[in-house]
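In what follows, a structure is listed as structure tokens, so that the remarks can point back to it.
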Amino acid sequence: QNNTSNNRSLLNSQVRCKGEYSGGIHNIRLKIEQYANGLIFFGVNSKSAPLNVNNLTVASSYGWTAGANNTVYKSGQALINHNDYVSDFQTNDIVELELDCYRRHIHMRNHRSNKQYELQIELEKCPFPWMFHFGFSMSGDRLRIVD
């Protein structure tokens, strides 16, 4: 079961996967099935962060956006071109996220472009348990979990 919320700020809809992570290394692979060049957020958030607010700007938000001027969210702060991040996502791209609770980081890889990025997560701002978190600004955009 996934939790969703409507949001009128940056994201029209949000999804958190039901898995909760406090230890270990966890991966998820996603296929961008439909992308209309809006904003798609790929990242992580603390379970304690409420879904009824703009989860990109809460302190526990860490991740990357497709679209949105190469924006990275770190501790809820929007950072443009952080660590040379380039958003070049397309429909049918496979995106892999790795959540490493031991090293306290999230890693993202776009399989088509082979671009990879990593963010350190501050436990003080994003306490365990962590949950994979995705958001969409366009109503038709769609992701699917793949093996």
- Compactness relative to 2.2 N^0.38 Å, alpha carbon Rg of the range 92-136: 1.27
- Task: May I ask you to list the lysines whose Cα is less than 23 Å away from that of residue 47, ignoring any residue fewer than eight positions away on the same chain?
- Result: 18, 74, 125
- Message: Using Cβ counts within 10 Å as a stand-in for footprinting exposure, how do 147, 93 rank, fewest first?
- Response: 147, 93
- Task: For the range 26-78, list log₁₀ I(q)/I(0) at each q in 0.16, 0.26 Å⁻¹, using the Debye formula over Cα point scatterers of equal strength and ignoring solvent, two decimals each.
- Result: -0.51, -1.08
- When only DSSP loop residues count, what GluC sites (Glu not before Pro) in the range 58-145 have their Cβ near at most 11 other Cβ atoms within 10 Å? 124
- Distribution of pairwise C-alpha distances over the chain, 5 Å bins, in %: 2, 11, 22, 26, 23, 14, 3, 0
- Cross-link partners of residue 31 among aspartates and glutamates (Cα-Cα below 18 Å; sequence separation of 8 or more within a chain): 88, 93, 96, 98, 141, 147
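Bear in mind these aren't lab numbers, they're just calculated from the coordinates by the rules spelled out. Quick caveat, the model's predicted, so the values are computed rather than measured. Please note: Cβ atoms are built from the backbone with ideal geometry, for glycine as well, and neighbour counts cover all protein chains shown.
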